[in-house]
DNA sequence: GGGGAATATTCCTGTCAAGGAATATTCAAA
DNA sequence: TTTGAATATTCCTTGACAGGAATATTCCCC
């Protein structure tokens, strides 16, 4: 495929598309938190919080640091950098430079009668 | 929630997280295409292509222009701009400025014995 | 108006992922 | 070593969603 950015994992978007996980990410942007704090602030049951954090971990969106009983989760920068790179590769689209349909329509016409 | 960017729809990520739809987006970055062309290039059956395009339309990621029999699909810039804005709001995270866990750990300690 | 091309829609089925509840694990402290 | 707190894991059920096949719709052209 044409625009496959290195580092931009397809599953990153999938992981982020779940509302609770997105909320976790939004919450963690202000700094690391434990599972209990995340569950409490987002009104999640602890097992669901752990499960969502597991998905985020597997996608390397967060990382864990064990501290005795607790696990402290924090965001990893790489997926965001990769996503940023990917989105920026659509700059031409975002600037709406290529939306002259007319050329394309003319091309269609020419194929009409071969 | 804290970082709710205006314009960044939660369902945008969900729509993009489906591999075939992501492929469609990658394909359309080089310019508008008809349903038939999309289906052919991505080796999809026409109905599936139409269905995926419908999802992308509903999420305003693409827009349609009817031309006689055919429907020409093209990317819309807004979702990408919104996504760009959202990702950039994680710049602090991407720069890894705030990952001093030590402060947080000390704070945890102080709560230990109230 | 009939036929064929391009596209959309419907119905069905299987798969997968999220939530609930219960349980297992790990650790510190007494 | 037992207790309790914090977290992870398992099992089950249910709902959403993607693909397949068939059909409906819309349009142009003869």
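Yes/no matrix, rows are residues, columns are (1) under 19 Å from residue B:91 (Cα atoms); (2) facing chain B (nearest Cβ under 10 Å):
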site	(1), (2)
A:10	no, yes
A:14	no, yes
A:18	no, yes
A:26	yes, yes
A:35	no, no
A:38	no, no
A:43	no, no
A:46	no, no
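Can you name the residue in the stretch A:77-91 that is facing another protein chain (nearest Cβ under 7 Å) and under 15 Å from residue B:22 (Cα atoms) and, of all such residues, is surrounded by the fewest Cβ atoms within 10 Å (Cβ to Cβ)? Among residues in the stretch A:77-91 that are facing another protein chain (nearest Cβ under 7 Å) and under 15 Å from residue B:22 (Cα atoms), the one surrounded by the fewest Cβ atoms within 10 Å (Cβ to Cβ) is A:90.
Counting the residues of the stretch B:61-91 that are part of a loop (DSSP other than H, G, I, E, B) and touching a helix residue (DSSP H, G or I) at 6+ places or on another chain (Cβ under 6 Å) gives 2.
All conditions but one from (1) within 15 Å of DNA strand D (Cβ to nearest atom); (2) modelled with pLDDT under 95; (3) in contact with a helix residue (DSSP H, G or I) (Cβ under 7 Å, 6 or more places away or on another chain); (4) under 30 Å from residue A:27 (Cβ atoms) apply to residue B:11; the one that does not is (3).
Could you tell me which residue of the stretch A:67-92 is nearest to residue B:27 (Cα to Cα), considering only residues that are within 11 Å of DNA strand C (Cβ to nearest atom) and at pLDDT 95 or above? Before the answer, list the steps.
First, pick out the residues of the stretch A:67-92 that are within 11 Å of DNA strand C (Cβ to nearest atom): A:67-71.
Within this subset, residues satisfying the condition of being at pLDDT 95 or above are A:70-71.
Values: A:70: 45, A:71: 42 Å.
Per the stated criteria, the residue is A:71.
Would you please name the residue that is nearest to DNA strand D (Cβ to nearest atom), looking only at residues in the stretch B:14-55 that are in contact (Cβ under 8 Å) with a residue 24 or more places away in the chain and not in a helix (DSSP H, G or I)? The selected residue is B:18.
Could you check, for the stretch B:32-46, whether at least one of its residues is modelled with pLDDT of 95 or more, buried (at least 17 other Cβ atoms within 10 Å of the Cβ) and within 18 Å of residue B:9 (Cα to Cα)? Taking every residue of the stretch B:32-46 in turn, none turns out to be modelled with pLDDT of 95 or more, buried (at least 17 other Cβ atoms within 10 Å of the Cβ) and within 18 Å of residue B:9 (Cα to Cα).
The values are calculated or read from the model by the stated rules, or taken from the named source; none is laboratory data. The model shown is predicted, which means the values in this text are computed figures rather than measured ones. No Cβ is skipped: glycine too gets one built from the backbone with ideal geometry, and neighbour counts run over all protein chains shown.
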